Amino acid sequence: MAAQRQKEGKKERKKTRRGLTEGNERKMFSGYGTRNPHELYYLQMQRVDEKMEREESGGNEGTRQRLKVCVATCNRADYSKLAPIMFGLKSQPDLFELEVVVLGSHLIDDYGNTYRMIEQDEFNISASLHTIVRGEDEAAMVESLGLALVKLPDVLLRLAPHVLIVHGDRFDSLAVATAAALMNVRILHVEGGEVSGTIDDSIRHAITKLAHYHAVCTHAAQMHLLAMCEDHDRILMAGCPSYDRLLNARHHDDHEDIIKAWLGDGVKESEYIVALQHPVTTDIKNSIKIYELMLDALITFKKKTLILFPNVDAGSKEMVRVMRKKGIEQHPCFRAVKHVPFTQFIQLVAHAGCMVGNSSCGVREAGAFGTPVVNLGTRQTGRETGENVLHVRDADTHNKIYHALELQFGKRYPCSKIYGDGNAVSRIMKFLQSIDLLEPVQKTFSFPPVREDSVSQDIDHILETQSALGIDLGGTNLRVGIVTMTGKIMRKYSQPNPKTYEERMELILSMCKQAMADAVPLNCRILGVGVSTGGRVNPQNGMVLDSTKLINEWSHIDLRSPVSQSLHLPVWVDNDGNCAALAERKFGHGKGVENFVTLITGTGIGGGIIHHGELIYGSTFCAAELGHIMVSLDGPECSCGSRGCVEAYASGLALQREAKRLHDEDLLVVEGMSLNNKEQVNASHLIQAARLGNTKAEGVLRTAAAAVGVAVVNILHTVNPSLVVLSGVLAQHYKNPVTHFISQRALSSAREVKVLTSDLDNPALLGAASMVLDYTTRRTY
């Protein structure tokens, strides 16, 4: 029976999760592009079930085949980044089969016929595609992209790669990624997520959306991809592959020979400039003007300069005309070249007195050597840079550029490792080995949660009541309930909470099994288990990190695993205060409210904060510990070990403490009130005494209400909710005093907040169930 239930449970979970997007697995819950921990747990289960299904169908039979990897390179710049990866693939022939496709400006004489350096590196070129339509204007770029799309399908059909690696942000790369995506070839995009300032941004991000896997260079780039709804599991923080060569390049002994070969005799280290300026396709006219001003400044500066021809983008033809009009190719201070082999180019950059222009090499590779850089215009706006880069974004005069050259030339800065630590290729090799070819090719996106106004129906919804088991682990009692989608508790069970871990777990499982058996005649299908417990909880992995003093042996407890393994159901776990807030969001006053706070006033005081429709957890899962807001610097001792917390004034235990004090001093019982010697004094006696006119008891309750009022005002001034829901047995006693306190003490901009008492009888139980119902009933048809 257990095996049958496990099979049915897995089948149901798979069915209800079909089509869900995948999420990030970080403990971060603030900022766009991250996911809440309950969603993360749910998506982890989805992956596990899919893997189990593949294994059961024989998907893992036989040995792993070699991964056929196709690297597409379009120009000299992207080859410098892809070559280290290609060497890594070539060095492991038992794991990888390398195919190389060459296209774009590699095959144009005016740009150096740079395909030859690929051959010199002893790579076999599987296909060479002439895809560039000459004209060097916007229309030519579009035609070139279209021509590449016409030619690529035949190549991809012939090579049939498992994975295609594409780099960066060139229009040629966009054509490659588009063709591969439409032909169901998995794509690894290298150096996505970065920000510059041109059409390159749009192309780079478009390739990101087509790509299945991502190897990024910086943490900022990784965060950009997460914000773009890419799956965290498919993003590798690798670093820049070219840095694997760069970080040791400066120490090569042949740099003097390289300088002499390209700049002539008599030119020494740090006495020359490297200039490389490309057109900005979204502002061609201005980029040509900046190019002309740069040449004027370099002519005036009178230092030996190695200047490279611009790339093939629209506007490059006009820039070459400007260069020739000024006689740069014949000028004694200049050496104009179409191409320099990468290994020699990085030596020239490493030992230059300065680099000037708008090439990404200036803001990326040059930093590895501490070479000073003058970055012109907006082409690299948004890129992360080291202190070696001086920006001249508004490069509208010759003098600005000249002055920047004066400031930078000959300096030496500390080496920067923003873009890599020299281990990118090894990481990428491991990442490629982890690709599961049996996973669906269709990529999914990790969209932020969107509130759904309707739930799709199928026959299971009609024939059975979709339900969850909710568990409320309180300091005194342990409750289990069968809860439906509408919040109706079909059946509830309650037992005293045992004092030891073993007894508590045994009771939880026996109560849940009894509830599952009772659910059958009630026609309830149990979709999962939600647990509400006191203490600090990591909801993503179902761990109770720290317990309250009311629950013994309950710290550092993996609560999810034993319950899930025994019941063969998914299990969600969260703090009881958060669960109360979730209950209000789904079933109570918080339904449809974007920003509200729930404050529970019971044995202790807790709560949850809903911001933009989602719980706030904080960096260590201790956000919304509302009971420990300090309302006095020198108040009574709190259970947390501090003093002056609102819980120490206004919780049930605090009122019980004051009731006992008054009773011991014979100041509690008044006329109309009876209390026998065997009866334990508690908070209800204090409230009864106050109602009968006991001024001492009234004073205690006024102080307690004022403490709650102070706490609520602090909450209003911190998170600015539109609604405060008071929950728990003491809520009705605090509502009016808190409302009055807000009107007197809160900022005028915060006084419009609504204060309501909860209508829910079992908020923690309902909130625990809501975690299950919110996720397992999502369906895509």
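Pairing the Cα long axis of helix 424-433 with the longest principal axis of the chain, what angle in degrees results, from 0 to 90 and rounded to the nearest 10? So the inclination is approximately 60 degrees. Using the 1.4 Å probe convention, the accessible area of the range 67-242 works out to 32 Å² per residue with neighbouring protein chains retained. Working ranking of peptides 419-425, 154-160 by packing, defined as the average number of other Cβ atoms within 10 Å per residue, highest first, is 419-425, 154-160. One decimal place: the segment R134-S561 gains 147.4 nm when fully extended, by the rule 0.36 nm per residue minus the C-alpha distance.
Calculated on the alpha-carbon coordinates, the convex hull of the range 482-624 measures out at 117 cubic angstrom per residue.
With the simple model of a label 7 Å out from the Cα in the direction of the Cβ, D253 to L182 spans 5.4 nm.
The DSSP beta bridges internal to the chain are antiparallel in roughly 30% of cases.
Once every DSSP H run of n ≥ 4 in the chain is given -39500 (n - 2.57) and the sum is divided by its residues, what mean residue ellipticity at 222 nm do you get, rounded to the nearest 500 deg cm²/dmol? Value at 222 nm, helices only: -12500 deg cm²/dmol.
Considering only protein heavy atoms and a probe of 1.4 Å, how much of the accessible area of the chain is carbon and sulfur, as a whole percent? Answer for the chain: carbon and sulfur cover 51 percent of the accessible area.
Dividing the convex hull volume of the alpha carbon atoms of the chain by its residue count, what do you get in Å³ per residue? Don't skip to the end; give the middle numbers.
On the way: hull volume 160.3 nm³, N = 781.
So the per-residue hull volume is 205 Å³.
Compared with the dominant principal axis of the Cα atoms in the chain, helix 76-90 is inclined by about 70°. Sorting 257-263, 685-691 by their mean Cβ neighbour count within 10 Å, with the most densely packed peptide first, gives 685-691, 257-263. Looking at the range 459-560 alone, DSSP beta bridges between its own residues are antiparallel in about 70 percent of cases. About its Cα centre, the dipole of the range 628-669 is roughly 120 debye, where the only charges are +1 on Lys and Arg Cβ and -1 on Asp and Glu Cβ.
Model label sites at Q92 and R116, defined 7 Å from Cα along the beta-carbon direction, differ in position by 3.4 nm. Net charge dipole, the chain: roughly 440 debye, given to the nearest 20, about the Cα centre with Cβ charges of +1 for Lys and Arg and -1 for Asp and Glu. Take each peptide in 611-618, 230-237, count the other Cβ atoms within 10 Å of every residue, and average; sorted highest first, the result is 230-237, 611-618.
When +1 charges are put on Lys and Arg Cβ atoms and -1 charges on Asp and Glu Cβ atoms, the dipole computed for the range 124-185 relative to its Cα centre reaches about 320 debye. In the chain, if the dipole is taken from +1 on Lys/Arg beta carbons and -1 on Asp/Glu beta carbons about the Cα centre, which of H162, L701, F409 is farthest to the positive end? So the residue furthest toward the plus end is L701. Phi-derived couplings, Karplus 6.51 cos²θ - 1.76 cosθ + 1.60 at θ = phi - 60°, listed residue by residue for the range 658-668: 5, 5, 5, 4, 5, 5, 5, 8, 6, 10, 9 Hz, with x used for Gly and Pro.
Between the residues A77, V340, Y291, the greatest Cα displacement towards the positive end of the dipole of the chain, with unit charges on the Cβ of Lys, Arg, Asp and Glu, is found for Y291.
Using the Cβ-Cβ distance between L438 and L509 with R0 set to 60 Å, the FRET efficiency from 1/(1 + (r/R0)^6) comes to roughly 0.95. For the range 561-647, a Kirkwood radius taken over Cα pairs fed into Stokes-Einstein (25 °C, viscosity 0.890 mPa s) yields D = 169 µm²/s. For V531, the residues 5 or more places off, or on other chains, whose built amide H falls under 5 Å of its own are I471, W572, V573, D574. Taking a straight line from the alpha carbon of K430, these aspartates and glutamates sit under 16 Å away, with near neighbours fewer than eight places off in the same chain left out: D94, E97, D233, D244. Quick check: the angle from helix 171-182's long axis to the longest principal axis of the chain, C-alpha only, nearest 10 degrees? Tilt relative to the chain: about 50 degrees. For the set K488/K586; K68/K151; K488/K591; K326/K411; K326/K400; K499/K549, the pairs lying more than 18 angstrom apart at their alpha carbons are K68/K151; K326/K411; K326/K400. Computed from the Cα positions only, the extents of the range 162-243 along the three principal axes stand at 31, 29, 27 Å, in decreasing order. Where a Cα-Cα gap under 20 Å defines reach, which aspartates and glutamates qualify for K754, not counting those fewer than 8 residues away within the same chain? Within the straight-line cut-off, K754 pairs with E584, E594, E614. Using θ = phi - 60° in the Karplus curve 6.51 cos²θ - 1.76 cosθ + 1.60, the 3J(HN,Hα) couplings for the range 673-689 round to 10, 10, 8, 7, 5, 7, 7, 7, 6, 9, 5, 4, 5, 5, 5, 4, 5 Hz; x is entered for Gly and Pro. Note on the chain: dipole from Cβ charges, positive end direction compared against S532, G104, V738; the farthest Cα belongs to V738.
Spacing of the modelled spin labels on C640 and R491, each 7 Å from Cα toward Cβ, amounts to 4.0 nm.
State whether the range 552-596 is rounded, prolate or oblate according to the following rule on the C-alpha gyration tensor (a ≥ b ≥ c being the square roots of its eigenvalues): a/c under 1.5 gives rounded; otherwise a/b larger than b/c gives prolate, and the remaining case gives oblate.
Values: a/c = 4.06, a/b = 1.95, b/c = 2.08.
Note, shape of the range 552-596 comes out oblate.
Based only on Cα atoms, what Rg/Rh ratio does the range 622-781 have, Rh being taken as Kirkwood's radius? Rg/Rh: 1.05.
The values are calculated or read from the model by the stated rules, or taken from the named source; none is laboratory data. Everything numeric in this text was worked out from a predicted model, so none of it was measured. Here Cβ is always computed from backbone atoms with ideal geometry, including for glycine, and neighbour counts include all displayed protein chains. The protein model used for the area step is the full one, side chains on, heavy atoms only, and it has no ligands, DNA or RNA in it. Shrake-Rupley method; radii C 1.70, N 1.55, O 1.52, S 1.80 Å.
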